[in-house]
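Just so it is clear, none of the values below were taken in a lab; they were calculated from the coordinates. Bear in mind that the values here come from a model prediction, so they are computed numbers and not experimental data. Positions of Cβ are generated from backbone atoms using ideal geometry, with glycine treated the same way; all protein chains shown enter the neighbour counts.
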Amino acid sequence: MRAAYLLKRFGLLLAVLWTAATLNFFLPRLTPRNPIRERLVQMALTGGYLQQGIEEMVKAYEAKFGLDQPLWKQYLRYLGDMARLDLGYSLTAYPKTVM
């Protein structure tokens, strides 16, 4: 009886973790804006640089992070990375990774 209870609770834990990871993946992708383009433009304006070549940089970053792949491939890679506790790159301290 105790083992069944623990298995049920563990299954619930896995369901909650999967739901949270799925929401964390899909919610940012629902925005109509391209966050990479916005960040690069913001960095260029802050540094006083012209916005020439931004589109090429956006395409390079999308390829580097796999954002040019179909959504289902991105999602499977994301779940695999989360299972290995690979949280990717830091947004504020790029190119450092999140530990």
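Below are the figures for this structure:
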item: Karplus (6.51, -1.76, 1.60) ³J(HN,Hα), θ = phi - 60°, over segment 52-65, in Hz, Gly and Pro reported as x; result: 6, x, 5, 5, 5, 5, 4, 5, 5, 5, 4, 5, 4, 9
item: Cut-off 15 Å between beta-carbons: net charge of the residues surrounding residue 37, Lys and Arg +1, Asp and Glu -1; result: 0
item: Most mobile of 75, 61, 89 in a GNM of the chain (Cα contacts under 10 Å); result: 89
item: Shape call, segment 19-74: gyration tensor on alpha carbons, a/c limit 1.5; result: prolate
item: Neighbour net charge for residue 71 - beta-carbon separation under 12 angstrom, K R +1, D E -1; result: +2
item: Inter-label distance for residue 34 and residue 20, nm, one decimal - labels placed 7 Å from Cα along Cα-to-Cβ; result: 3.3 nm
item: Calculated FRET value between residue 93 and residue 72, using beta carbons and R₀ = 41 Å, to 0.05; result: 0.85
item: Between 0 and 90°, nearest 10: helix 35-47 axis offset from the chain longest Cα axis; result: 40 degrees
item: Net charge of neighbours whose Cβ lies under 13 Å from the Cβ of residue 54, counting Lys and Arg as +1 and Asp and Glu as -1; result: -1
item: Whole-number Å³ per residue for the convex hull built on Cα positions in the chain; result: 123 Å³
item: At R0 = 30 Å, FRET efficiency that the Cβ-Cβ distance of residue 54 and residue 10 yields, to 0.05; result: 0.05
